[in-house]
Amino acid sequence: MSSNPILTVSNLTVTFPDNNGGLRALDEVSFEVCPQEFICVLGPSGSGKTTLLRVLAGLLPPTMGEVNFGDHQQPRIGMVFQQSNLMPWRTVLENIRLPLELTGAADAESRARELIDLVGLTGFENNWPRDLSGGMAQRVAIARALIHDPDLLLLDEPFGALDALTRERMWMELSRIWQARQKTVVMVTHSINESLFLADRVLVLSARPGHVKLDLEVDLPRPRVDDIRYTPPFGQLARKLKAAIE
Amino acid sequence: MTKPSLTKHIRSLRPWLGLASLLAGFLLWQFAAQTGGLPSFILPTPVDVWSRFVRAAADRSLFLHMGVTLTEILSGLLAGVAAATCLGYLVAKSRLLENLLAPYLVASQAVPLVAIAPLLVIWFGPGMFSKILICALIVFFPVLVNTVVGVRAVPPALYDLMGSLRATRTQILLKLEVPAALPIFLGGLRIGATLSVIGAVVGEFVGADRGLGFLINVGRGQYDTSLVFVAIFALVVMALVLYGMVAWFEKRLLIWQETSHTL
């Protein structure tokens, strides 16, 4: 990619205090993310994937190293969590509107409706979260993460809690939404298929303490359809990732 | 054909069953009091109580005493809830404050309020203020506990969400903590509303020259047992209205919850 990186992570180390000199979750992690790039972070559980995302979201300060957002020192973050994390006292529309309420935008209502259309939830505007299926709730969460036009979209295993069929349908949805909105995405996952289906680049983290073990360009053509999983290039990339994870 | 229509018929009558049962209770009471041979200063009939009520209502004395007790209840409830909510929020947020206040909170719960009510009347006089204080104290603990539990029950993941959106402290309070803690808080308020009626009456028993608790004392002293019943019914009505108001608010505010409490 030729454009300037929107995000530069250099020598990022995170240590959690414990009784034994500290638990090192991330160890000298460095990478760059270009605008509109879709990056997947892959790794075994306990490799600090979620920790990395929390640092990028500004929820956790780095112990050492730095996270640099280029000209946006206070980047707008859209985050989707493993659980949909909706507020049960807000309707679908009100949940999606939340980020704009915090910044005080005037056209919150119309933008929320536009996103409800984009994620395919027209007609559910006034439903309570308790009435939504897992997949629908996660679509609401994605819409909520997009509404304030974030500089960076952070996805923390957003489809981990969904059943296999719903999950694969959500891949298609997400890649369609990503292409429509042209967002920079960092997504944490533990699924090789998911990362190859969605990402431009896959970073593989090692087991704890996590460091970047492999930085793999995914040069599969887009739009990626279901059948791509059965092509030889997909298989080769999958084998490389599998080997890196062990 | 008759069977389903019969059950349907009974179901349509169900809302009236409570009223019918109440009416039957009054009839039974009337019957028992008339045939039991007890003098009316021991057990008056409902008709006696009704005529005593009409008399007390006509000279407005009943409404004066109700007004006094209601003022005490509402003022005490307001003061107790305000103090308990503020302190509860701070305790929920600070373990240090919790540790500092824990002995007092536990002690305040261990002391029966009925026992210290005389002390409060000695200190603050037989006027309304000592009753308001007793109401506030009795309301304080359940509201405080429920505020602490409610605020601590806010899902940590929602704090992460607000953090990732760079929400301010005030925004987190208003858009996350208040609505998330509301169900548990309102449960405490419901208990508090009932307790505050008890607080006011206890205070008036100890020393007062007006209020429904005072009226009960007067009725007892003059063997005017019908008046005691009138005062008790007035208290019941007030407690029910208060409880109903909190329950109504709860229903309105917690419309998003699957189950709503009806009792």
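The values are calculated or read from the model by the stated rules, or taken from the named source; none is laboratory data. Given the structure is predicted, the values throughout are model-derived calculations rather than measurements. For neighbour counting, all protein chains shown are included, and Cβ atoms are generated from backbone atoms with ideal geometry for every residue, glycine included. Note: accessible area is taken over every heavy atom of the protein model, side chains too, but ligands, DNA and RNA are not part of it. Shrake-Rupley method; radii C 1.70, N 1.55, O 1.52, S 1.80 Å.
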Looking at (1) in contact (Cβ under 8 Å) with a residue 24 or more places away in the chain; (2) touching a helix residue (DSSP H, G or I) at 6+ places or on another chain (Cβ under 9 Å), which is the only condition B:Phe63 fails? (1)
Suppose we filter A:Ile6, A:Ile96 for residues that are touching a Cys at 6+ places or on another chain (Cβ under 8 Å) and either at pLDDT below 90 or more than 24 Å from A:Val204 (Cβ to Cβ) (or both); which single one remains? A:Ile6
With respect to the numbered conditions (1) surrounded by 15 or more Cβ atoms within 10 Å (Cβ to Cβ); (2) within 30 Å of A:Ala141 (Cα to Cα); (3) more than 10 Å from every other protein chain (Cβ to nearest Cβ), which one is the sole condition not fulfilled by B:Ile134? (2)
If you check B:Leu77, B:Leu100, which single one turns out to be open to solvent by 50 Å² or more (accessible area, probe 1.4 Å) and part of a helix (DSSP H, G or I)? B:Leu100
In region A:153-166, is there at least one residue being touching a His at 6+ places or on another chain (Cβ under 9 Å) and over 23 Å from A:Thr91 (Cα atoms)? yes
Taking region B:21-52 and keeping only residues that are within 26 Å of the chain's Cα centre (by Cα) and more than 21 Å from B:Val218 (Cα to Cα), one is left with B:Ser21, B:Leu22, B:Leu23, B:Gly25, B:Phe26
Six or more apart or on different chains, Cβ under 8 Å: which pairs go from a residue in region A:226-241 that's part of a helix (DSSP H, G or I) to one that's among the charged types (D, E, K, R)? Could you list them? A:Asp226/A:Glu168; A:Pro233/A:Asp219
Could you list, in sequence order, the residues of region A:118-131 that are within 13 Å of chain B (Cβ to nearest Cβ) and surrounded by 15 or more Cβ atoms within 10 Å (Cβ to Cβ)? A:Asn127, A:Trp128, A:Pro129
The helices (runs of 4 or more DSSP H) lying entirely within region B:139-223 that contain at least 1 residues which are away from chain A (no Cβ under 14 Å), open to solvent by less than 30 Å² (accessible area, probe 1.4 Å) and of a type in the set (A, V, I, L, M) are B:178-206, B:212-221
Between residues in region B:160-178 that are β-branched (Val, Ile, Thr) and residues that are part of a helix (DSSP H, G or I), which pairs lie under 9 Å by C-beta distance while being six or more apart or on different chains? B:Thr168/A:Leu102; B:Ile172/B:Tyr159; B:Ile172/B:Met162; B:Ile172/B:Gly163; B:Val178/B:Phe185
Among all residue pairs at least 6 apart or on different chains, which show Cβ distances below 6 Å where the first residue, located in region A:145-156, is farther than 19 Å from A:Gln82 by Cβ and the second is part of a loop (DSSP other than H, G, I, E, B)? A:His148/A:Arg76; A:Asp151/A:His72; A:Asp151/A:Pro75; A:Asp151/A:Arg76
Quick check: anything in region A:177-186 surrounded by 15 or more Cβ atoms within 10 Å (Cβ to Cβ), within 23 Å of A:Arg113 (Cα to Cα) and among the hydroxyl-bearing types (Ser, Thr, Tyr)? yes
Within region B:48-71, residues being of a type in the set (A, V, I, L, M, F, W, C) and open to solvent by less than 50 Å² (accessible area, probe 1.4 Å) number 6
Determine which member of the set A:Leu174, A:Leu152 is open to solvent by less than 10 Å² (accessible area, probe 1.4 Å) and within 13 Å of chain B (Cβ to nearest Cβ). A:Leu152
Take region A:187-210 and flag every residue that is surrounded by fewer than 23 Cβ atoms within 10 Å (Cβ to Cβ) and either among the small types (Gly, Ala, Ser) or at pLDDT below 85 (or both). A:Ser191, A:Ser206, A:Ala207, A:Arg208, A:Pro209
For the structure I just gave you, tell me whether B:Leu78 is at pLDDT below 95 and either more than 14 Å from chain A (Cβ to nearest Cβ) or touching a Cys at 6+ places or on another chain (Cβ under 9 Å) (or both). no
State yes or no: is B:Leu28 without any contact (Cβ under 8 Å) to a residue 24 or more places away in the chain and under 19 Å from B:Thr225 (Cβ atoms)? yes
